[in-house]
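Single-structure report; data block below.
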Amino acid sequence: MSKFIGIRHEDKYEMERRAPLTPKHIERLVKQKKLDFVVQSSPKRIFSDEEYIQAGAMVADNLDQCSVIFGVKEMPLDFFQEGKTYVFFSHVIKGQLYNMPMLRRMMQVRCNLIDYEKVVDEQNKRLIFFGRYAGLAGMINSLWALGLRLKDYKLGTKLSKLKQARHYHSLDEAKEAIALVGQQIAEEGITSELRPYVIAFTGDGNVSQGAQEILNWLPVKEITPEKLHTLHLRKKLPDNLIYKVVFREKDLMERIDGSPFDLQDYYTHPENYRSMFEQYLPFISVLINCIYWDPKYPRIITKDAVSKLFAKGRPKLTVIGDISVDVEGSVECTLKPATIEKPIYVYHPDTDTVTDGHDPDGLLMMAVDILPAELPRDASASFSDVLINFVKPIADADFEEHFDDLDLPRAIKKALILHNGELTPDYAYLEKYL
């Protein structure tokens, strides 16, 4: 007899509609692996209760009979039950203070915690992620925000026809809309006041690649950061091209002592480096921030850099799509996470404050922190494509065994933060945050 596997409904955010496993994947697990599922009833999940019932799962108001429970986002303190196994994005690995009460509660009731974020391969690359969909939705939203801002500036463009990602039925529908705008730009060109139009990306991982995938539906030419300084000096530029620039760590940071940049040294000793990105800001129209950041690393953009930019009048930089959403982090003027309901706000460098909406004064910020939830059906399906391979091994594992003897795939065992309520060796450092 199989253990019952639970799928929790999401309640951290009103607009969170994703699921870790889709009905299609559950049907495969039921038929091929003979697993039993209980799906917590939800009126807002992108997949209906009926779809899960048709897939062979039971639907219930609670998951009390389940020993293993899969979710997406953090779970409330009163949800955890003695000795059960929970799999979700816990957001504790940086010692996030706001989630330490949750971690303490899980320790008190001897839970097992597996975090998707730490499921990695031999090269330490993540295996189960929504990152690409954060990039896809973030770029759609950033182009939509750009259309609003340019309309505010009386520079009405084809982009003003675009919508926020959540208003498209699917990713394909969004791509079709953007491709149509791209065709119009290719045929009719870009307003002369905006040329050369430059969209810059920080980072080249899954998030950045997703964002670039959307931009590439427009007429784009990629240039290197080194060419950005001289692009505006060229006498003849095509009037129907958007220039794309991708900044990697070596383009963003320099050693304080002037010696050559070394990526591994930067990861190991970030205190020896500083940002050199400010020099590029005057030449960028839109910045899409996709880079992983930790407080030990230098910021890419400081509030001071933004203030200097605005001190010279309205800058070329119009929109920052901060997909990473580290509050006052890599982009210091990201003062708060935005919501799907209110996805954009304006940063006012003179007062260091923000106002919701797209007031034409200040820097327009798109900083939604659950972007994949704007494309819930596509994002869930992609996530579930990978997670399905780990469900049975997790369900079959005997978590009462000693940690060293646990029969789990290596990638899952590396992601096991709590084992019977105790921090596993790789996560013992979290004790200091508790």
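Rule-based calculations on the coordinates, nothing more; no lab input. These figures come from a predicted structure and were not determined experimentally. Using ideal geometry, Cβ is built from the backbone for each residue, glycine included, and neighbour counts are taken over all protein chains shown.
Points worth noting:
- Computed with the Debye formula from one identical point scatterer per Cα of region 1-128, without solvent, the log10 of I(q)/I(0) at q = 0.10, 0.23 Å⁻¹ comes to -0.33, -1.44.
- Principal axis dimensions, largest first and in whole angstrom, of region 291-389 by Cα: 54, 32, 21
- Of all DSSP-defined beta bridges confined to the chain, some 30% are antiparallel rather than parallel.
- Kyte-Doolittle at least -0.5, axis length at least 30 Å by Cα - qualifying DSSP helices, the chain: 131-152
- Spherically averaged projected area of the chain from its Cα convex hull (nm²): 22.2
- Over 21 Å between alpha carbons, listed pairs K221/K316; K12/K432; K84/K414: K12/K432
- For region 224-269, the Rg and Dmax computed from alpha carbons only, in angstrom: 15.1, 44
- Extension gain for D396 to L231 (0.36 nm times residue separation, less C-alpha to C-alpha distance): 53.5 nm.
- Selection from N240, G182, S259, by position along the positive dipole direction of the chain (Cβ): N240
- Those lysines that a straight Cα-Cα span of less than 17 Å connects to K34, excepting residues fewer than 8 apart in one chain: K3, K24, K392
- Charge sum, other residues only, whose C-beta stays under 12 Å from F383's C-beta, Lys/Arg counted +1 and Asp/Glu -1: +2
- The Rg/Rh ratio for region 158-244, using Cα coordinates for both the radius of gyration and the Kirkwood hydrodynamic radius, is 0.99.
- The chain: relative contact order as a whole-number percent, Cα under 8 Å and 6+ apart: 19
- Inter-centroid distance (Cα atoms) of region 118-142 relative to region 350-391, Å: 12
- For the options Q123, Q164, Q264, a Gaussian network treatment of the chain with springs between C-alpha atoms closer than 10 Å singles out Q123 as fluctuating the most.
- Proportion of all alpha-carbon pairs of region 175-311 beyond 27 Å (%): 27
- Highest mean packing first, where packing is the average number of other Cβ atoms within 10 Å per residue, the peptides 69-75, 57-63 line up as 69-75, 57-63.
- Computed about its Cα centre, the charge dipole of region 14-114 is approximately 480 debye, with only Lys, Arg, Asp and Glu carrying charge at their Cβ.
- Whole-number Å³ per residue for the convex hull built on Cα positions in region 100-198: 192
- The alpha-carbon of K125 sits under 12 angstrom from the alpha-carbons of these aspartates and glutamates, leaving out residues fewer than 8 places away in its chain: E117.
- Mean sequence separation of contacting Cα pairs (under 8 Å, at least six apart), scaled by the length of region 93-240, corresponds to a relative contact order of 26 percent.
- When its C-alpha radius of gyration is set against 2.2 N^0.38 Å (N residues), region 131-374 gives a value of 0.96.
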